[in-house]
Every structure is written in structure tokens, then in C-alpha cells.
Amino acid sequence: MKNIQYFSEGINFQLSHQTEISSWIVKIIQSHGFKLNELNYIFCSDRYLLEINRKHLNHDYYTDIITFDNSDQETVIESDIFISIDRVNENATKQNTNSQKELSRVIIHGVLHLLGFQDKTDEEKKVMREKEDTCLSLLKI
């Protein structure tokens, strides 16, 4: 899947099951009637993502993911998604789950934002979590 690429920035990280995860992402995108142009995942540290958060969003706090929608067409996916592996691992521990499952949740969370799902209100968060769970149930790794 050359339309989906995985990078690491400032950390030593290699995503396991890239082929399966890429196929899963494409299926989710297509099932919502969107076309995938380009999707770049950049795995990084808390500190790296904090700097992006400060510089681009004027937020001064840690987060697990920042999604940049680079598309100028409503139903075309073109994005850079930054994910803090530090934050994913910490959240996995807090939520009593394994890091691979939490990382998969965060990976699809970014895609869901690109598909139009939000998580600002309690109701939006509930819908987002349900969509994440549905998507995770389709991932076979």
C-alpha cells in the first residue's frame, strides 16, 4: 500500500503488521465512500508531539495524536497523522489494555476524524468510541 506510509521521528519505532493495518485502514476509508490519496503516519515521542501541538495548534499539553487534513476535496483522504508512542503506551497501561490494541485505536481515530467524526462534546466522544470499537472489531492481526 504505497498510499499509506509509516515513519518514525526522533524515536526507534517500527509498526508491526503494516500490511494488515494498511488494508484495514483502506477498507474503513472505502466503506465510508472516501478515496485514499495519501496517508502518512509519523510515530514520535511525547516531546516531539508537544512541540507540534504548541507550534501548529497553540495547545500546551501532551496528546496521543494530531491529525492534519491536507486534502482540498471533501471525500479524499490526504493527511499527515502524528502519534506519540509514549502517550499510547501510557494510555494502554491506564486503560488496562495492550499497546498494540491502543495504537490501533489511535491509528483509526485519526482516520475517523478525516471521515468527519469529531470528539469535542460528550455525545461526539461516545459516537467516536463506538466507531473505534466497530473498526477495531474488523482488524485481524
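In region 72-99, which residues are within 26 Å of PHE34 (Cα to Cα) and out of contact with any Ser or Thr (no Cβ under 7 Å at 6 or more places or on another chain)?
Of everything in region 72-99, those that are within 26 Å of PHE34 (Cα to Cα) and out of contact with any Ser or Thr (no Cβ under 7 Å at 6 or more places or on another chain) turn out to be ASP72, GLN73, GLU74, THR75, VAL76, ASP80, PHE82, ILE83.
Can you tell which of LYS126, LYS101, LYS140 is exposed (fewer than 12 other Cβ atoms within 10 Å of the Cβ) and in contact (Cβ under 8 Å) with a residue 24 or more places away in the chain?
From the options LYS126, LYS101, LYS140, the qualifying one is LYS140.
Just checking, which of THR63, THR93, THR67 is loosely packed, with under 15 Cβ neighbours inside 10 Å and of a type in the set (Ser, Thr, Tyr)?
Residue meeting the stated conditions: THR93.
Looking at GLU90, GLU38, GLU51, which is the one that is under 15 Å from the mean Cα position of the chain (by Cα) and either acidic (Asp, Glu) or farther than 20 Å from LEU139 by Cα (or both)?
Exactly one of GLU90, GLU38, GLU51 is under 15 Å from the mean Cα position of the chain (by Cα) and either acidic (Asp, Glu) or farther than 20 Å from LEU139 by Cα (or both), namely GLU38.
Which residue out of ILE77, ILE28 is in contact with a Phe, Trp or Tyr (Cβ under 7 Å, 6 or more places away or on another chain) and modelled with pLDDT of 95 or more?
ILE77
Is it the case that some residue within region 18-32 is crowded, with 18+ Cβ neighbours inside 10 Å, touching a residue at least 40 places away in the same chain (Cβ under 8 Å) and more than 23 Å from LYS2 (Cβ to Cβ)?
Looking through region 18-32, none of the residues is crowded, with 18+ Cβ neighbours inside 10 Å, touching a residue at least 40 places away in the same chain (Cβ under 8 Å) and more than 23 Å from LYS2 (Cβ to Cβ).
The values are calculated or read from the model by the stated rules, or taken from the named source; none is laboratory data. In this text, all values refer to a predicted model and were calculated from it rather than measured experimentally. Cβ: placed from backbone, ideal geometry, glycine included. Neighbour counts: every protein chain shown.
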